[in-house]
């Protein structure tokens, strides 16, 4: 998987657009990473619930982080990101079903959110507070889960991700996450957009990221200058010039943004990976859950006007069942 040099192409190829994860490498700096752009996928996730705007932004950052890390899985399975904290947004769960399905939801204290809005304390760090961030890889039945947990210390998700990769994976990592509402011509209501980027310094020996990014072991990279710490300093310096506006700009593709940031550092991009909002809930799965986890009496007690209603926490889909339809052994 050799990738494509943007400088050689002069951007004369079709750009990836939205709802994608674009892997890239910085040949001369020994780095690799991903850029994620979400439009319809994130808008669908966030509008499945009536989230206040500050909650939607925090959820958007979590969805971006899950996409940046989880989209690199090379097998069927799930990447699950979950935060539990003491702030107004006290729990977030994002689930990426490989290779492309995203879903997520946030639990929050409505009164605390209203107070935060009044006090203008609606940044992600303030809304999350302190707690933990867990990243889990589930490869399916008959396999062991891989889970890493890091503290959220009141500095937000990006900082927690830095700590996670530095402590758990021993990989120097920089992450940027941005979420915004964007006005669409011809539409009265704005739409949500999200953009993020992650850059990692590739070690010559030692740890590996949770899931390897394409290009890391590409023989065409040759002798990379990955042992020089100044390369990481330079990569971070360039990365720090990235603005939130650039990350969510609908007119600025991931390829154009990478060229703008790193065109003199041998940036190469790989095939974009499509992402979409997709919930794994279904009537059959919900029926099986009710049959396996509850007694006949409990199911009858759940019923209102003769029906059991189950609403998916992720996509808000509602499923209805007759308590008498379940077989009793």
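The values are calculated or read from the model by the stated rules, or taken from the named source; none is laboratory data. Because the structure is predicted, anything quoted here is derived from the model rather than measured. Because the Cβ atoms are built from the backbone with ideal geometry, glycine has one as well, and the counts that use them run over all protein chains shown.
Check off (1) closer than 30 Å to residue 51 by Cα; (2) modelled with pLDDT of 90 or more; (3) out of contact with any helix residue (DSSP H, G or I) (no Cβ under 7 Å at 6 or more places or on another chain) for residue 252 and give me the number that stays unchecked.
Of the numbered conditions (1) closer than 30 Å to residue 51 by Cα; (2) modelled with pLDDT of 90 or more; (3) out of contact with any helix residue (DSSP H, G or I) (no Cβ under 7 Å at 6 or more places or on another chain), the odd one out for residue 252 is (3).
For region 110-146, which residues satisfy the criterion of being at pLDDT 85 or above, in contact with a strand residue (DSSP E or B) (Cβ under 8 Å, 6 or more places away or on another chain) and exposed (fewer than 15 other Cβ atoms within 10 Å of the Cβ)?
Correct list: 130, 132.
Across region 30-44, what is the number of residues that are part of a strand (DSSP E or B) and within 16 Å of residue 252 (Cα to Cα)?
Going through region 30-44 one residue at a time, the tally reaches 5.
Looking only at region 304-317, decide whether some residue is part of a strand (DSSP E or B), in contact with a helix residue (DSSP H, G or I) (Cβ under 9 Å, 6 or more places away or on another chain) and in the same structural domain as residue 194 (by TED's automatic domain parsing).
The answer is no, given that none of the residues of region 304-317 is part of a strand (DSSP E or B), in contact with a helix residue (DSSP H, G or I) (Cβ under 9 Å, 6 or more places away or on another chain) and in the same structural domain as residue 194 (by TED's automatic domain parsing).
For the list (1) surrounded by 22 or more Cβ atoms within 10 Å (Cβ to Cβ); (2) at pLDDT below 95; (3) over 18 Å from residue 40 (Cα atoms), I need the number of the one condition that residue 88 fails.
Only one criterion in (1) surrounded by 22 or more Cβ atoms within 10 Å (Cβ to Cβ); (2) at pLDDT below 95; (3) over 18 Å from residue 40 (Cα atoms) is unmet by residue 88, namely (2).
Filter region 158-211 for residues that are outside any loop (DSSP other than H, G, I, E, B) and farther than 21 Å from residue 235 by Cα; which is modelled with the lowest pLDDT?
Within region 158-211, the match that is modelled with the lowest pLDDT is 182.
Can you confirm whether residue 150 is modelled with pLDDT of 95 or more and touching a helix residue (DSSP H, G or I) at 6+ places or on another chain (Cβ under 6 Å)?
no
Of everything in region 267-303, what is buried (at least 17 other Cβ atoms within 10 Å of the Cβ) and either part of a helix (DSSP H, G or I) or in contact with a helix residue (DSSP H, G or I) (Cβ under 7 Å, 6 or more places away or on another chain) (or both)? Give them in sequence order.
If the condition is that a residue be buried (at least 17 other Cβ atoms within 10 Å of the Cβ) and either part of a helix (DSSP H, G or I) or in contact with a helix residue (DSSP H, G or I) (Cβ under 7 Å, 6 or more places away or on another chain) (or both), then 267, 268, 269, 275, 277, 286, 290, 299 are the ones that fit.
Can you tell me which residues in region 247-258 are touching a residue at least 60 places away in the same chain (Cβ under 8 Å) and surrounded by fewer than 19 Cβ atoms within 10 Å (Cβ to Cβ)?
Matches in region 247-258: 250, 256.
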